Amino acid sequence: MNIVVCVSGGGTNLQAIIDGIRNGKISNTKITGVICNNAGAYALTRAKEAGIDGICISPKDYSDRDEFNRAFLDKMKELNPDLIVLAGFLVTIPREMVETFRNRIINIHPSLIPSFCGVGYYGLKVHEAALARGVKVTGATVHFVDEGTDTGPIIAQKAVEVLPGDTPKILQQRVMEQAEWIILPQAIDMIASGQITVTDGIVQK
Ligand code: GAR
């Protein structure tokens, strides 16, 4: 299975995928491209170090959103991946891309959906909201991407404890270590080995 990984920032989830392919936790999978919306992102350095083509497509380089969406979709069609992995990608996926790659786009979100998700919940903001609400358990979710924000069929979730004294950054790191870097490679491996189907919006394993 060929995958394209879309990133915006540090790229630790991209690294978990690269490592998972190397150490055999993800089978039958090759990263054929990394797309980033931010030229300065460390994720692009990680791609380069792994010998993967890094492509920067930023909304800033286009006169309007439609033009960016078209360029993004054209690039994706050219790469023609079996699966698109959003690994900390903070750009909304164009509707046409969702339609073209139906149930072939997955996203990692740093909470237990349906908590702390949707428009405005990304990165550290998710953990700030979880701490502000006082939840004692949070976690991460891998899901297919549909037309909504964080509304698609859920593939995998893993719970993580919130501990006294947590800051958003401390909690973010724990959620990454104990959930994201584990369930994202697992989900990719399950898809690569044909273990997942979606029926009436529900993932069957
Ligand atoms: C991760 O925590 C990921 O779950 C989150 O951004 C971070 C990216 O880190 N994604 C979202 O919030 C999407 N709504 P990374 O660049 O080190 O993988």
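The values are calculated or read from the model by the stated rules, or taken from the named source; none is laboratory data. Remember, predicted model here, so these are calculated numbers, not experimental data. With ideal geometry, Cβ positions are generated from the backbone for all residues, glycine too; neighbour counts draw on all protein chains shown. Protein only, heavy atoms only, side chains kept; ligands, DNA and RNA dropped before computing areas. Shrake-Rupley method; radii C 1.70, N 1.55, O 1.52, S 1.80 Å.
Data table
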item: J(HN,Hα) series, region 6-12, from Karplus relation 6.51 cos²θ - 1.76 cosθ + 1.60, nearest Hz, glycine and proline x; result: 9, 9, 10, x, x, x, 5
item: Positive minus negative residues near Pro153 (Lys, Arg vs Asp, Glu; Cβ under 14 Å); result: -1
item: Greater than 26 Å apart at Cα, pairs in Lys25/Lys48; Lys48/Lys125; Lys30/Lys169; Lys25/Lys60; Lys158/Lys205; Lys136/Lys205; result: Lys48/Lys125; Lys30/Lys169; Lys25/Lys60; Lys136/Lys205
item: Residue-level accessible surface for Tyr121, protein heavy atoms, 1.4 Å, Å²; result: 90
item: Gain on full stretching of the segment that runs from Gln178 to Ala132 - 0.36 nm per residue minus C-alpha separation; result: 14.5 nm
item: Under-5 Å amide H pairs with Ile35, H placed in peptide plane, nonlocal only; result: Val5, Cys6, Val7, Ile55
item: Where only C-alpha atoms are counted, convex hull volume of region 58-205 per residue in Å³; result: 115
item: J(HN,Hα) series, region 96-107, from Karplus relation 6.51 cos²θ - 1.76 cosθ + 1.60, nearest Hz, glycine and proline x; result: 5, 5, 4, 5, 5, 10, 4, 6, 10, 10, 10, 9
item: Inter-label distance for Ser58 and Ser115, nm, one decimal - labels placed 7 Å from Cα along Cα-to-Cβ; result: 3.6
item: Sparse-neighbour loop sites [GluC sites (Glu not before Pro); region 146-205; at most 10 other C-beta within 10 Å; DSSP]; result: Glu147
item: Whole-Hz ³J(HN,Hα) from phi, Karplus 6.51 cos²θ - 1.76 cosθ + 1.60, for region 123-133, glycine and proline x; result: x, 4, 4, 5, 6, 4, 5, 5, 5, 5, 7
item: Heavy-atom accessible area ranking, 1.4 Å probe, most first, across Ile21, Ile196, Ile183; result: Ile21, Ile196, Ile183
item: Label-to-label distance, nm, for residues given as Asp66 and Lys30 (7 Å Cα→Cβ offset); result: 3.7
item: Fraction of beta bridges assigned by DSSP in the chain that are antiparallel (%, nearest 5); result: 45
item: Cut-off under 5 Å, modelled amide H: who pairs with Gly11 long-range; result: Ala43
